[in-house]
Each structure stands twice: as C-alpha cells, then as structure tokens.
Amino acid sequence: MTAITETFRPPAAGPGDLPMAAGISQPPSGFDRLVDRSTRGFAWTFAAGTIVLLSFIVYEIGLASIPAVKHHGLSLITSGSWDVNKEYFGLRWPILGTIYSSVIALLIAGVFGVAIAVFLSQNFIPRRMEIVFKNIVELLAAIPSVVYGLWGIFVVIPLLRPPANALASHLGGWFPFLSGRLSGPGMLPAALVLAIMVLPTISAISYDSLISVNPKIKEAAYGLGATRWEAILKVILPTASTGIFGSIILGFGRAMGETMALAMLLGNVNHFSVSLLSPGNTLAALIANDFPEAAPAELDVLLFAGMTLLAITLLVNVLGALVIQFANRGRGGR
Amino acid sequence: MNTSTLKMADTVKALADTASPGQKHRQHEVVIDCNIKELYYGKFKAVRDTRIPIQKNTITAFIGPSGCGKSTALRCINRMNDLVHGFRFDGHVHYRGVDMYGKKVDPVTVRRHIGMVFQQPNPFHMSIFNNVAFGLRLNRYKGNLHAQVERSLRGAALWDEVKDKLKSSGLSLSGGQQQRLCIARAIATEPEVLLMDEPCSALDPIATRRVEELMVELKARFTIAIVTHNLQQAARVADKTGFMFVDTSKGGRTGYLVEFDDTKKIFQDPAQEATKQYIRGEFS
Amino acid sequence: MTCVITPQHMPESAPSLSSKAFDRNLGSPRTLVSWVLSLVACMLTVMACVPLFSVLIMLIWRGGTRLVQGGISVFTALPPSAMMKHGGGFGNALVGTLTMVGIASAIAVPFGVLAAIFLAEYGARSRFGTAVRFSAKIMTGLPSILAGVFAYASVVALTGGFSAVAGGVALSVLMIPIVMLTAEEAIKMVPQRMKEAAIGMGCTRAQVIWKIIVPTALPGILTGVMLAVARAAGETAPLIFTALASNYSWAIDHRQPFIHLMKPTASMAVFIYNSAGKPQDNLIELAWAASLVLVVMVLIFNIGGQLLSRRSRPAR
C-alpha cells in the first residue's frame, strides 16, 4: 500500500517520469523547485524565529539584570530608599506605584470600557452611529503616549488642580486618598490619562465578547419578558464574562507597561503615598526618566527594574491570553 | 428514462463520430486506467474495488447517489486527494502505462498534464486574460500568448462574450461564464485529459446546457471524465458511464463501482439490479 | 352537533385583563432603572470621546499656529538653542523617525509575512504553529520600553553606541507581532476554492502562495503593515534606549552623503518628550507642532490601513 501523507515532495531524481509528449505542460523547473524549498524554509525559520525572539528578549533582559542582583541582593525589591550618590537603591515604591496606578486606571477604564462595549453592542443606537463611536474609541489607542503626556501636562493637570485641591482642603482629613495638594504632576492626572489609554483595549475585546453571545440566548431572555437591562445584566454579561475578564487582565498588563505618559505626569519621585494628589513613580517611568543620565551603578538597577517589569507583564499577559483563548474555545473555537 | 433524451444522446454521439471518422479505431485506446482497490482517509474506508478505464476522446461519467465516492475516485486520477489529511491508497492509476502514484512521480507534474474543473467556478482574482494565461505562464509557454488565450476562450465558447473586456476581472462574469472561463483556463495548456467534478451543479439550466454542449465539442480534442449527480446529463453527454453505490454492510460507508459500460447499455439495459433501481429513480 | 356555552357552563374564567395591562409603565421601578442605566451608558460613551477631541483640538490650535508661524523651516531646521526665541524646527527628528521606521519595517515586514505564511499554510494545525501564534500574541503586550531595553542589551552593547539601526531593531520588535497576526488573518480569508484551482493547475506550494494567496490577501497584509508603522512611529521609550541623540546636530556625517545609520539619531517622539519639560516657550510650541505632525502621520496610516481592509472585505 502506498502511504501518501506528504504533498508536493519533489522526487529524488529530476522531474517526474511522465513520457507524455510535448505540448505545453512542463514539469516545474529547477528554479520553481528551489523557490518551493526556500519558501518553506524561510517560512519555518521566521516562525521559529518568533519563539526564539521572545526567548531572546527574556534572556537578554534577564542577563542584564544580574549585576544589580549580585551587588544589592534582595534589598533591590524591598528597600524604599533611593539615593544615587550613596548608591542605595530600592524598587519598593516604584513597584507599588506601578500596581497602584494600574489598579486605579483599571477601575476607571473597566467601568467605562465595559459600559461602552455594552452600549455599542446591544442595539441602543443605529448601526451607523455604533460604527462611528467604535472608531472614535479605537482612535484613542492610536494617539502616541508621548502626545498624551504633553496633553496631560498642559490640559489635564491645570484642569484638575482647582477641583482636586478644593476636595483636598475639605475632605483631605477624612480620606487619605485626597490629602495634600496637587501642585503639578501626581497620581490622579497620571491614572486618568492611563485610563484613557487602556480603555480602548478593554472596550474592543469586551465588545467582541458581547457580540459573539449566541443570539438565541438573547432571544430567550427577551422572550421571558426581561427589560433590556435585565437581559444585559442577568444574561448577556454573564455569558460574555470570561472574555470581558480577559480584556481586563490584558488592560492591566498594558497599564503596567505604559511608560511615557506616566513618565511625564507622575513626577518621578521615588516615594509612595496613598494620596492621589502626590507624585510618585512606576517601574517603566523610572527607567525612562533616569536612563539618559544614569551612572553605571544606577544603570544596572534600571536594567533590573526592567526585568521586574518584564516578569510582571509577562505573567499578566500570558494569563490574559489564556483566559481569552478559553473564552473563544467556549463558544465554539476560532 | 424518456426516449427523447436518449435520442438526443444518440444524435450527439453520431455527430461526434462523423466529425472524425478516422479516429474511430483510436477511440478504444485506454488513456487512463484508474484502479482503486482500497482508499482510506485515516481509518475511514472511502472507496473500494473501483476500476474505470477512460478511453481517448470520450466522455466518461461517474454517477451515483451522494456520498458514494465518485468525486473521490475522480480526484485520485490527478492526485488531488493527496491534500487530504490521512489519505491512503491501494491500487494504481496508469496514465499511458505510467503509474501516477509511483515513488518517483511528482504530483505537481501530474496535475500539469491533467486538467480539472471544479463544482464551484473558481476564477482567480485577476483579469480574464490573466486567468486563461495563468497555466501558460506557469509552464513557461514560449509561443504566442495572446493567440493561445484566444484559442482557449474560443474553445470554451466564451470568446465572443469577453473579447472586448479581457482586462476586466474574472469575477465580474456571471456564474455560467465563470465556469466556462475555468474551462478555458484548464484547456489553455492543452492537457490530454480533463476532469470535471460536477461542473454544472452550481449553474442555472441555461448555463448548464451551454457547458454540456461545450463538453461534447471538446471531446474531439480532449479526453473527459466527469462526475455528475444529474442522470439526464450523463445520458446526454457521456459515452461510457460508471455507476457507483454505497456499501453499508460493515457499518461504514464505502463506495464501490457497481457497473461500468456504454451509456446506452447502462440506461436501457443495466445488468445489475442496483443500477436498474437508480436509473428508475427509486433512490437518489 | 353544536356546543353551546352558556354562562353557567363556562369554566372558571381567568381574571379579566384591563386594556391598560400591557401599556408601558414609566413609573415602575424596572422601567425606570432600565432608562437610567441606558442614560448612564450613553453618557459614559460620550465622555470617553471627549479626550480624543480635546487632544485633537489642542494639537490643531497650539501646534497648528506654530506650524503656520514657522512655515517650511519647521520641517527643515534644527531645534532652537536656548537663546533663540523664534525659529528652529524638528527637521532632524522627522528624518530620524522616517529612517528608523523604515529600518524597522524592512525587518518586520519580511519576518512577519513569512511567519504568517507559515502559520496559515504550512503549520496551520500543528502544535508548533499554536506555540508560534501564542508567542506572537504575548509579544503584542510587551511594554515598548522593554523592547528598548532588549535592543540596548543586544545591539547597543554589540555595536558600542546608540544608532538608528538599534532604534530600528527596537521598533521592529514592536511591529513584528502586529504584521504577523494581521497577515495571518488576511491569508486565511483567501477562499479555499481559489487555492484548489491553483493546485489543480499544477502549482507547487510556493507558487500557490506567491502567485495566488499573497496577491489576493495583499490588502489585508498591507493593513497590518500600516497599523504597525503607525504604532512604531509614535513610540518613544524604545528610542530612549537605543538612539538617544543630541538635539543639536543632524545625524549626518559630512563625509558621507547619506544619513549615518550608526550614530545617535533624533526622532519626533523623543523630541517631544525632551522638549515638554523645558522652560523655553519656543521649544514647547515646537513640541506641539511636532505632536501635530506626528499624530497626523499616525492617523493617516492607522485609518488608511483600516479603510484598505474594509474596502476589500465583505461587511461584517
């Protein structure tokens, strides 16, 4: 029995043995066969290259972070001091700042993002308007981070200062979130701008999840007499919840990795306060702000900070991708 | 089976005969000997015991109910089944004495010598001219490209309709025209054998009629094997017909050849009971 | 036989319905809550659009006025020194951005397209293909600054200094996953029957790919490239690590007619970043102008890419 499982394998000896005459049909030329083999080779190489590249990135960054670990040990993560001259470095506050800013941004972006996704997917407005709004929200993601930073400095901070300080003077005593004064860069404007940047991710993926809810489920809910929002809150959202959850995880990952806007709006202060009005720092902003002028000692620490950031974001991104894949498979696979 | 259809079949055949009387003795030359002993897709036995000789300058039809393996058998001839995961084949397909499944044979070369027209018209996303010229360029045709393209389009009875718009997209034609374009594309390289897998099933009756007439014209230059689920079509155009059926005896669905003979004999006086029942329309 | 139903034979009848039983009741809590929620959702959506317009308006206002004031010199001159109250431009930054995005594209497009061909054609159902696709998806979430750190640790360390090439490599890391995943989708959309026709005509696998699949999928592939370019053009952080340049010179070696690829190179994004914190008004106005130009470039590629794919695909 001839087992044929491989297609297009060129025979070992020259073109096929067909004695048919002449006529127009020719076997593939040597050049054609070369192109065939090369295409296959290159395609495979670059595909493998993707995995290699990702591994190489992790490897290089990890390697670069070793000197700092050798020198400072565990204090790199636990210590809160940062003195360039004395070479005391601790990433505790930037790490906390990364998580804090991302959580706040996510709270805002999560609410907005899911609400927008619901509003645009459940036939509230004519289809044409849905498309317009969807495009506008997606364009939010296209604006470069540095432009958001510029806008943040000259529009958001001046706008926020009066109301924030007013709130602080009245409520600062009761809510530690509002203590202090917003004099310039701070957590509040930074987190707001961060939320704007992360919003499109959450909104787009949640939208996809909501759209792919089986119409029959929607019909069933309406058929039982649910109001629009009862159907949404009790039936549709729960069905799409895995995808929405995945979008939030991915949004979290994006928020933690965001650099420029935070570098320009947070103030690059290696101190952490729960107050939204005080400046702070994140890992990414720290690296971006300090790198140009960094002495070798600090440079090593920055590279270590990079590795920390890589570890955190890789974890979150893998988690998010898995959740979304799980959500996709749940509704029938791609 | 009404007699008028059979009469038409007779007339058409008579016409073809008179067209080239000298070729009559060559009509018996078997160009392709397709012998399928066993054909598997993975663990699924799709076809067994099907032997169909295809003679030069004839139209051979495979008929039978759906799922009986006629397309599978046809696709064995130009090795299109190789693309299916888990395909295994015991038997041989001899093209002028050479086994198409020989160890040294390259399927790509096989397909260059045997043309195929599919059920759904599938012209490329290119101009009409480039569609027809595709095979010529693929084979590095050294002759006059324009002349050969025209000849093919004429051969497919499409030239008059498209001669002024050769640059427009192949997809801008109607369904029937697209299928004739696919036929023109297939015959441009003048393969000896043309395989057609239900070429008319996606077409309306008028387009079907045109393609059937075309097939009969082409018979003079090419050897044609078609798969059809339309009995009348087989009666109209085919010289030889093979009837395939499904064997469910062992719990699977395996196709096999029930009977193979001159079309006239299959339709008027079949030897097997199953054939008789199928012709009479007792199942489809 | 007729059946007469008289009142005393009628079965216990259902409670009668008033004609108003089915009317809308705006006062009922269920309806009210639904209305309020719809309003809230609508307001949130509108609020989310405000930042975009705010940014665009600021760009056009402050950036536009500076552009109009400065004219062409904005595109050709070097950044102003501390003394210059007027004049100057971001010519070197513009050239630098175009150069580095060009280098990044030259790396990312072949890489991404060929990998996509593998994913869609050769390795469609293999576990290896799944692993490759997963890696690409992870890479789309890689913080851009880490792309810069990677290029720093590899290219800059190797070549000994900052350069446009290092910047291009960092940007390509960000572009590759976008090009790859979009191209894969585009290739998968080529109808199976078109591929079958090509195979039936005796095309080798590579011929099916290059003569039929890629030309047919080209609009979608181009979309991926344009979206990737839009992203790369706007990135700052990777370039801080790889191409950090002084604002006061072109990256042009006077001994050579071309831009020197191995020297530190300015870029629009880094220019904006550096200028935003400086006390000079002139520089800040220029930063707005540069932002306007950058956003226009980015939006053209972004929107253009999406239009391209929508034109050649059937509507959803």
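The values are calculated or read from the model by the stated rules, or taken from the named source; none is laboratory data. As the structure is a prediction and not an experimental result, all values here were calculated from the model. Methodologically, a virtual Cβ is constructed for each residue, glycine included, from the backbone with ideal geometry; neighbour enumeration extends over all protein chains shown.
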* Structure fact -> Flagged in the range C:110-150 as among the hydroxyl-bearing types (Ser, Thr, Tyr) and within 7 Å of another protein chain (Cβ to nearest Cβ), in numbering order, are C:Tyr122, C:Ser135, C:Ser144
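Residues are listed down the side, and each one gets a yes or a no for (1) among the aliphatic types (A, V, I, L, M); (2) closer than 26 Å to A:Asn135 by Cβ; (3) at pLDDT 90 or above; (4) surrounded by 24 or more Cβ atoms within 10 Å (Cβ to Cβ):
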| residue | (1), (2), (3), (4) |
| --- | --- |
| A:Pro185 | no, no, no, no |
| A:Ala195 | yes, yes, yes, yes |
| A:Tyr207 | no, yes, yes, yes |
| A:Val213 | yes, yes, no, no |
| A:Leu233 | yes, no, no, no |
* To do: State which residue pairs qualify: first residue within 14 Å of chain A (Cβ to nearest Cβ) and inside the range B:187-206, second residue part of a loop (DSSP other than H, G, I, E, B) and crowded, with 20+ Cβ neighbours inside 10 Å in any location, beta carbons under 6 Å apart, and separation of 6 or more residues or different chains.
  => B:Thr189/A:Ser25; B:Thr189/B:Asn139; B:Leu194/B:Phe222
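Could we say that C:Val208 is within 28 Å of A:Gly49 (Cβ to Cβ) and modelled with pLDDT of 95 or more here?
Details: within 28 Å of A:Gly49 (Cβ to Cβ): yes; modelled with pLDDT of 95 or more: yes.
It is true that C:Val208 is within 28 Å of A:Gly49 (Cβ to Cβ) and modelled with pLDDT of 95 or more.
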* To do: Need at least 2 residues that are within 22 Å of B:Val31 (Cα to Cα) per element, so show me which helices (runs of 4 or more DSSP H) inside the range B:204-284 make the cut, counting only ones lying wholly within it.
  => B:205-218, B:231-237, B:263-268
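For the range C:66-84, check the following and say yes or no: at least one residue is charged (D, E, K, R), within 26 Å of the chain's Cα centre (by Cα), assigned to a helix (DSSP H, G or I) and within 14 Å of another protein chain (Cβ to nearest Cβ).
No, the range C:66-84 contains no residue that is charged (D, E, K, R), within 26 Å of the chain's Cα centre (by Cα), assigned to a helix (DSSP H, G or I) and within 14 Å of another protein chain (Cβ to nearest Cβ).
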* Structure fact -> (1) within 24 Å of C:Met226 (Cβ to Cβ); (2) in contact with a Ser or Thr (Cβ under 9 Å, 6 or more places away or on another chain); (3) touching a residue at least 40 places away in the same chain (Cβ under 8 Å) all hold for C:Gly91 apart from (1)
* Asked: Quick check: anything in the range B:228-251 modelled with pLDDT of 90 or more, in contact with a Leu (Cβ under 7 Å, 6 or more places away or on another chain) and more than 20 Å from B:Lys37 (Cβ to Cβ)?
  -> yes
* From C:Ala206, C:Ala230, grab the single residue that is among the small types (Gly, Ala, Ser), at the interface with chain A (Cβ under 9 Å from one of its Cβ atoms) and under 15 Å from C:Ser105 (Cα atoms). => C:Ala230
* Restricting attention to the range B:216-232, which residues are touching a strand residue (DSSP E or B) at 6+ places or on another chain (Cβ under 6 Å) and either of a type outside the set (Val, Ile, Thr) or surrounded by fewer than 20 Cβ atoms within 10 Å (Cβ to Cβ) (or both)? -> B:Lys219, B:Phe222, B:Ala225
* **Matching entry among B:Leu257, B:Leu181, B:Leu195 (being in contact with an Asp or Glu (Cβ under 7 Å, 6 or more places away or on another chain), of a type in the set (A, V, I, L, M), modelled with pLDDT of 90 or more and surrounded by 22 or more Cβ atoms within 10 Å (Cβ to Cβ))** => B:Leu257
* Tell me the helices (runs of 4 or more DSSP H) entirely within the range A:141-229 that contain at least 3 residues that are within 30 Å of C:Ser267 (Cβ to Cβ). => A:145-151, A:157-171, A:187-211
* May I ask you to list the residues in the range C:151-183 that are more than 7 Å from chain A (Cβ to nearest Cβ) and not hydrophobic (A, V, I, L, M, F, W, C)? => C:Tyr152, C:Thr159, C:Gly160, C:Gly161, C:Ser163, C:Gly167, C:Gly168, C:Ser172, C:Pro177, C:Thr182
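Within the range A:158-171, identify whether any single residue is facing chain C (nearest Cβ under 10 Å) and within 30 Å of C:Met58 (Cα to Cα), and answer yes or no. Step through it out loud before you land on a result.
Here is the first cut: in the range A:158-171, the ones facing chain C (nearest Cβ under 10 Å) are A:159.
Filter again for within 30 Å of C:Met58 (Cα to Cα), leaving A:159.
Checked the range A:158-171: at least one residue is facing chain C (nearest Cβ under 10 Å) and within 30 Å of C:Met58 (Cα to Cα).
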* Taking interchain pairs and intrachain pairs at least six residues apart, which have beta carbon atoms under 6 angstrom, with the first residue in the range C:280-298 and within 11 Å of another protein chain (Cβ to nearest Cβ) and the second not in a helix (DSSP H, G or I)? -> C:Ala290/C:Phe90; C:Val298/A:Ala142; C:Val298/C:Gly234
* Structure fact -> When A:Phe177 is run through (1) of a type in the set (A, V, I, L, M, F, W, C); (2) modelled with pLDDT under 85; (3) closer than 30 Å to C:Thr140 by Cβ, the failure sits at (3)
